[in-house]
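The values are calculated or read from the model by the stated rules, or taken from the named source; none is laboratory data. Small disclaimer: the values here were computed from a predicted structure and weren't measured. When we count neighbours, we look across all protein chains shown, and the Cβ atoms used for this are built from the backbone with ideal geometry, even at glycine. Remember, those area values only see protein heavy atoms, side chains included, never the ligands or the DNA or RNA. Shrake-Rupley method; radii C 1.70, N 1.55, O 1.52, S 1.80 Å.
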Amino acid sequence: MCGIVGFIGNQDAKEILLQGLEKLEYRGYDSAGIYIIDEANKGHLFKEKGRIAALREVVNNEVASSKGIGHTRWATHGVPSVRNAHPHQSTSGRFTLVHNGVIENYQAVSDAYLSGIELVSDTDTEVIVQLIAWFAEQEELSTLDAFKKAIVTLKGSYALALMDAENPDVIYVAKNKSPLLIGKGEDFNVVCSDAMAMIQVTNQFVELMDGEVVTVTKEQIEIENLAGDKIEREAYTAELDLNDIEKGTYAYYMLKEIDEQPAVMRKILQHYQNTEGQLEIDSVITETLLASDRVYIVACGTSYNAGWVGKQLIENLTNIPTEVHLSSEFGYNMPLLTEKPFFIFLTQSGETADSRQVLVKTNELGHPALTITNVQGSTLSREAQFTLLLHAGPEIAVASTKAYTAQIAVLAILAEVVGKSKGLASDVDMIHELGIVAAGMETIVDNKEYLEELAANYLSISRNAFYIGRGMDYYVAMEAALKLKEISYVQTEGFAAGELKHGTIALIEEGTPVLALITEESIAGHTRGNVEEVNSRGAHSLVIAMENVAREGDQFVLPQVHALLTPLISVIPTQLLSYYTSLHRGNDVDKPRNLAKSVTVE
Ligand code: F6R
């Protein structure tokens, strides 16, 4: 949520900042801004409501600059507007700041220190920059000390990049809970919320920890803690392929990412196989999981939906009871835990604040935790005892597709390996079955034109819709509904097929689209019965059924895969239906309204 960039060196900072912000737009896209300092040390501030493309229109290309900071916003305090867009400045214009996060005590800080100052925005960020100015100007502290004192005074989450017009060759940086990296170059250094933003100029990055303050010049990166002790930290090489973050010939990242899923399945298999061609997971993880008496999967949104499939996989393949919880509820409403719980945090970004607050608590309680994430070095990965990576490659569209299927595949591999080391008999050869899944996914993504037609016929004008299913199909129905509503804005419910008649069927009227998922033989008849019930009340029903249970007249037939892996296949047509519905309605598929990819506020 919110993206930050900074550049200091000898090149054209303006273009590097703007390109970096374009790469970070997935983190928020309601307004944006850059602050650059020209060769005569004069600062220039450009801000605009909307996307980076709109910001480009207002940036004065005549200004030459080799240093500056920038921001793309997802509004928390104050509506999206030029006034509330970052960077924010102190009244004198001396200090300029960009911020990602939420300051909880901004009102109290403002009352205590800033009563004589007229604030010009509705943001918590302006309070930070005015506070730094207050410490620097009223208490005559150096910029670094004023910055540190402000940090100690503030409560909440933040990634900050600050410039001082009186000392323009430095960017001051700090973080707490929100992500921030420093990139190292030859004669320049950069700051960014995600390595992706600056990979075109460097692949060498230095991680920052909470409670550290960094002074970045074009030659140096000096990290220290709040007590002033210097900290040495080596840079790591970000393994990001530029092709992974380009759209190529695709109109939208979402379609590219849907198409990448067969390749992701194969990549995951490759990463989790040892030299003998056996699936392998770090034995400390499997032993700790085996020693536990219950697994608690904690996640949000799409990851939560993947968690339900994970529960089925873990219980079926390991016999360990498994619960699935929403992070935003779990932290405040913790269930009674068993004696030996094992926590799995499912999070594609590894930065979700709701999940992190639970991890902080489970760490305090001393319980083992495994983060399954797509982002190496992300906060939840660093803070959990164990990590398993998704290897899905960067997912840029806000609506998650390949990270969802990657989460299920990694959970399937984990469950298979743990079950085997427990000595349980299983009919699943996971390498073989995931190979079949990859091939099945390919046949579905090759059938796009037909799915586009179905989207046009069933969903292009309706205001609401239902996905229904039982068992695994119910879990996929929840994900399919989330995907449809978040990018097409069609109000959609993912419903347990048998539960409809207990109240919600009242919503079915002439033409209501009801999309039924049917993949399992033992419950197929019941779900078909539920389809009949909605049809008799006027529903416009569409059946997506797996080969073994398909009937003539079903609108979409799924290639056959193992019963435990059906979600990996049945979700694909639902992703494509969402994509085409959004496209037909003229929405920005990759950047749906009100959303951001990385949700770093609770
Ligand atoms: C929807 C989507 C979100 C995320 C949720 C959690 O397409 O992507 O629902 O799944 O915000 O994010 P992570 O998985 O990064 O913790």
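General remarks:
- Among residues of region 385-399 being under 29 Å from Pro341 (Cα atoms) and in contact with a Lys or Arg (Cβ under 8 Å, 6 or more places away or on another chain), the one that is farthest from the ligand (Cβ to nearest atom) is His391.
- Beta carbons closer than 8 Å, at least 6 apart along the sequence or on distinct chains, pair a first residue in region 345-357 that is in a helix (DSSP H, G or I) with a second that is at pLDDT below 95 and within 6 Å of the ligand (Cβ to nearest atom) for Ala353/Val599; Asp354/Val599.
- With a requirement of 1 or more residues that are surrounded by 18 or more Cβ atoms within 10 Å (Cβ to Cβ) and away from the ligand (no atom under 16 Å from the Cβ), the helices (runs of 4 or more DSSP H) lying completely within region 229-330 that satisfy it span 253-259, 261-271, 283-290, 301-318.
- Residue count for region 583-597 satisfying the condition of being surrounded by fewer than 17 Cβ atoms within 10 Å (Cβ to Cβ) and among the acidic types (Asp, Glu): 1.
- Evaluated against (1) without any contact (Cβ under 8 Å) to a residue 24 or more places away in the chain; (2) open to solvent by less than 10 Å² (accessible area, probe 1.4 Å); (3) not in a helix (DSSP H, G or I), Ala161 falls short on exactly one condition, (1).
- Matching residues in region 354-381 - criterion: being in contact with a helix residue (DSSP H, G or I) (Cβ under 8 Å, 6 or more places away or on another chain), within 13 Å of Ser327 (Cβ to Cβ) and open to solvent by 10 Å² or more (accessible area, probe 1.4 Å): Asp354, Arg356, Gln357, Val360
- Criterion applied to Asn530, Asn594, Asn587 was being part of a loop (DSSP other than H, G, I, E, B) and either away from the ligand (no atom under 16 Å from the Cβ) or within 17 Å of Ile461 (Cα to Cα) (or both), and the one residue passing it is Asn587.
- When Asn548, Asn530 are screened for being over 32 Å from the mean Cα position of the chain (by Cα), at pLDDT 95 or above and open to solvent by 30 Å² or more (accessible area, probe 1.4 Å), only Asn548 passes.
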